[in-house]
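For reference, the structure is listed below as structure tokens.
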Amino acid sequence: MTNAHSFLSPEQEARLLGAYTALKELSADCPVPAVGAAVTMALAELRTALDGQGVEFDYFSTV
Amino acid sequence: MEYWNPKAETMPRHELEAWQWRRLQRALHHARARSPFWRERLPGDITSMEDYVRRVPLLHKADLLAAEQQAPPYGTWPSIDPARGIRHHQTSGTSGNPPIRTIDTAGDWTWSTDTFCTALYAMGVRPHHKGMVAFGYGLFMGFWGMHYGLERMGCTVVPAGGLDSRTRIKLLVDYGIEVVGLTPSYAMRLIETAREMGIDLAKEANVKIILAGAEPRSKFTTRTIEEAFGARVFNAAGTTEFGGVFMFECPSRRGACHIIEPSTIEEVLHPETGLPVGYGEEGVRVTTGLSREGMQLFRHWTEDVVVKRPAAACGCGRTWDFYDGGIIRRVDDMRKIRGVSVTPVMIEDVVRGFDEVSEFSTSISSVRGLDTVFVRVEPRHVPGGDVTTLARRIAEEFKREIGIRPEVELAPEGTLPRQEWKAARLRDERALVSQP
């Protein structure tokens, strides 16, 4: 079994980045503490996932 | 071959190095913008990797401690407001020094966790596995990341902090734990405890994968652990200063510890000249962190002695270079005894070669002006073993392998210390004697 070439497609990568961007916007003015905390953690997870795919975006964006 | 992150792990070298350079530029910018400590040390106009290693000074532990003392607890080092941190950790603060204290953000912890996932996945850990991390879950950063890594991968974790060795053995057996994280020293302790309990771990437990980290180890120690558990032992290492795992042993080649290069630039420098050494040559590991945002490292002189080899020398398909044998020793571990260079791992290699040895400790003293090695050995009875001649046989083997005849004495059962975390089995008492 191999996953050596199991990369994300460009479309999948774009969707992942889009999810990150949407959550980043939400985190900027989220009025609900519970949602804000979840968004913060989700952003951290998405950023790590994107980084592992070699997607270059806002490193050190202070999540 | 399967990878946690196929793209990052198999990226062509030229792409990887270009990516590292872009990441370094961002890391430098972040550090200069937010850390008073780094603003003083880092030029603002670095133009290339060559320019970076030429102009950025090496960072020593004393530099971090001095920065910490300027405004304790974290000093001028952090590149974040410490209030944004979600977790504090610190080193043990040996030799009378204060500890290195670190603070990490949620983002830093997800990255750190991911480095463990990278290592664990390579070792064969999969979501259906059950894991146990046998450490204290305290101030040491240690295996915290392994706990989170197992969780993120979908494994079931049995937290084993604050438990004694007997309880941990019982958990291992009762729950059929397949993955264990611990230090080699503590693995030896668990083996001994299991024997006392009349448990054959290889037959009664279900451990398949052992991540034995945080200490250099001898080949005999590795072999003993593998035979006793009936499991494969893998090496991995990280540091509190770095904040995550920087290398892990590959199943494709024994001892090949791949460097997680998207997260670190690793130079290997000659210990005396400070000049770069080539592939296959021993040198000191100097690390630059590319991922952690809170506590950044640029050209950190780690004191770890390593031998780097090109990725292609391992057959796994990763493009990440590797340290052959992991961390071979610490620079400050080396002792000159009667003109012979001796390290703790060399001694361990000899003493652990005897199955009758349960635990041991070593000290060096000056006896009438002559450096003398004292080895205290706690024996155990094994089939075919002969404890009455053990001291003599160890002394002879020590002389044959290392070139010095030590004084070997047997210690009563249970009298030598056992440690869960970084064991120190070599004490140099010569300096203590010579002090006024």
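Points worth noting:
- Accessible surface calculations at 1.4 Å, restricted to protein heavy atoms, place the protein assembly as shown at 43 Å² per residue.
- Fraction of beta bridges assigned by DSSP in the stretch B:292-436 that are antiparallel (%, nearest 5): 70
- Rounded accessible area of B:Met334 (nearest 10 Å², 1.4 Å probe): 60
- Relative contact order of the stretch B:1-327, defined on C-alpha pairs under 8 angstrom at six or more residues apart (%): 18
- Per-residue [θ]222 nm for the protein assembly as shown (sum of -39500 (n - 2.57) over DSSP H runs n ≥ 4, rounded to 500): -11000 deg cm²/dmol
- Eligible lysines near B:Lys308 by straight Cα distance, threshold 27 Å, same-chain separation 8 or greater: B:Lys7, B:Lys61, B:Lys219, B:Lys336, B:Lys422
- From the alpha carbon centroid of the stretch B:323-359 to that of the stretch B:218-246 is 16 Å.
- Ranked order, B:Arg168, B:Arg380, B:Arg427, B:Arg55 - accessible area, probe 1.4 Å, largest first: B:Arg427, B:Arg55, B:Arg380, B:Arg168
- Protein heavy-atom surface of the stretch A:10-52, 1.4 angstrom probe: 67% of the accessible area is carbon and sulfur, with nucleic acids and ligands not counted.
- In chain B, the longest principal axis of the Cα atoms and the axis of helix B:61-70 are about 60 degrees apart.
- In the stretch B:279-299, comparing the full protein assembly with the chain on its own, the residues that lose 50 Å² or more of accessible surface at a 1.4 Å probe are B:Glu293.
- Radius 12 Å from Cβ of B:Lys208, net charge of other residues (Lys, Arg +1; Asp, Glu -1): +1
- The B-A contact accounts for roughly 2200 square angstrom of buried accessible surface, both chains included, probe 1.4 angstrom.
- Cut-off 14 Å between beta-carbons: net charge of the residues surrounding B:Gly243, Lys and Arg +1, Asp and Glu -1: -2
- For the residues B:Trp109, B:Trp21, a 1.4 Å probe over the protein chains yields an accessible-area ranking, largest first, of B:Trp21, B:Trp109.
- Here the accessible area of chain B is 51 percent carbon and sulfur, with a 1.4 angstrom probe and all protein chains present.
- Each other residue within a Cβ distance under 10 Å of B:Arg34 adds +1 if Lys or Arg and -1 if Asp or Glu, for a net charge of 0.
- Gaussian network model of chain B, Cα within-10 Å springs - most flexible of B:Arg285, B:Arg254, B:Arg54: B:Arg54
- Inter-label distance, nm, simple model (7 Å from Cα along the C-beta direction), A:Thr21/B:Arg39: 3.3
- Interface residues of the stretch B:109-152, defined as a loss of at least 40 Å² in heavy-atom accessible area between the chain alone and the complex of all protein chains with a 1.4 Å probe, are B:Thr110.
- Heavy atoms of B:Lys208 accessible to a 1.4 Å probe, total area in Å² rounded to 10: 110
- For B:Val157, residues with placed amide H under 5 Å, excluding near neighbours: B:Gly131
- Beta bridges by DSSP in the protein assembly as shown, antiparallel share as percent, to the nearest 5: 65
- Centre separation in Å (Cα based) which lies between the stretch A:17-51 and the stretch B:157-183: 35
- With 50 Å² as the minimum drop in accessible area between chain alone and full protein complex (1.4 Å probe), the stretch B:30-65 contains no qualifying residue.
- For chain B, a Gaussian network of Cα nodes joined below 10 Å ranks B:Val180, B:Val207, B:Val357 by mean-square fluctuation, and the top entry is B:Val357.
- Once the Cα atoms are used to define both axes, helix B:106-123 deviates from the longest principal axis of chain B by about 50 degrees.
- Looking at chain B alone, DSSP beta bridges between its own residues are antiparallel in about 65 percent of cases.
The values are calculated or read from the model by the stated rules, or taken from the named source; none is laboratory data. Just so it is clear, the structure is predicted and the values come from calculations on it, not from any experiment. As a convention, Cβ positions derive from the backbone with ideal geometry for all residues, glycine included, and neighbour counts pool all protein chains shown. Each accessible area value is taken on the protein alone, full model and side chains, heavy atoms only, with ligands, DNA and RNA left out. Shrake-Rupley method; radii C 1.70, N 1.55, O 1.52, S 1.80 Å.
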